[in-house]
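Visitor: I'd like to ask some things about the structure below.
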């Protein structure tokens with residue numbers, strides 16, 4: 001599985017890796033009030049520059065997700081749809097998964113390999 005990493009706790013932004021019609025991005029660390037703006041800018045850039053039809057955000061390495069981070073993910077999903085792309089969010093675990101389930105985003109907690117489409 002090809003991935004790129006966005007390690008927000010270290011403010012490290014790696015370019016995402018494309019494989020055919022899909023671009024995969026692994027988000028690791030913590031998305032809190034301070035790092036959410038950085039994530040938002042980075043996701044906007046990925047969406048604007050991507051030539052792929054589908055962008056998959058893998059949250060498997062995410063340890064913390066604040067409400068502002070959820071808002072950023074939703075805005076990115078809308079922006080991708082407006083540009084004719086499908087942004088899928090998958091593999092949330094632990095505390096981020098609990099937050100997403102409480103908000104009704106159960107499918108964002110499914111593993112992509114397990115058949116979850118991330119929508």
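The values are calculated or read from the model by the stated rules, or taken from the named source; none is laboratory data. Quick caveat: nothing in here was measured; it's all calculated off a predicted structure. Cβ sites come from the backbone with ideal geometry, for glycine too, and all protein chains shown count toward neighbours.
Visitor: Which one of these is part of a strand (DSSP E or B), crowded, with 19+ Cβ neighbours inside 10 Å and at pLDDT below 90: 24, 18? Outline the logic, then answer.
Guide: On the way: 18 fails: crowded, with 19+ Cβ neighbours inside 10 Å.
On inspection, the qualifying residue turns out to be 24.
Visitor: Out of the residues in the range 40-54 meeting the condition of being over 10 Å from residue 85 (Cβ atoms) and in contact with a helix residue (DSSP H, G or I) (Cβ under 8 Å, 6 or more places away or on another chain), tell me which one is surrounded by the fewest Cβ atoms within 10 Å (Cβ to Cβ).
Guide: 44
Visitor: Go through 99, 72, 31 for me and flag whichever is farther than 24 Å from residue 20 by Cα, at pLDDT 95 or above and touching a strand residue (DSSP E or B) at 6+ places or on another chain (Cβ under 8 Å).
Guide: 72
Visitor: Return the only residue of 106, 82 being surrounded by fewer than 19 Cβ atoms within 10 Å (Cβ to Cβ) and farther than 21 Å from residue 32 by Cα. Full working, then the answer.
Guide: On the way: 106 fails: farther than 21 Å from residue 32 by Cα.
Every option except 82 fails the conditions.
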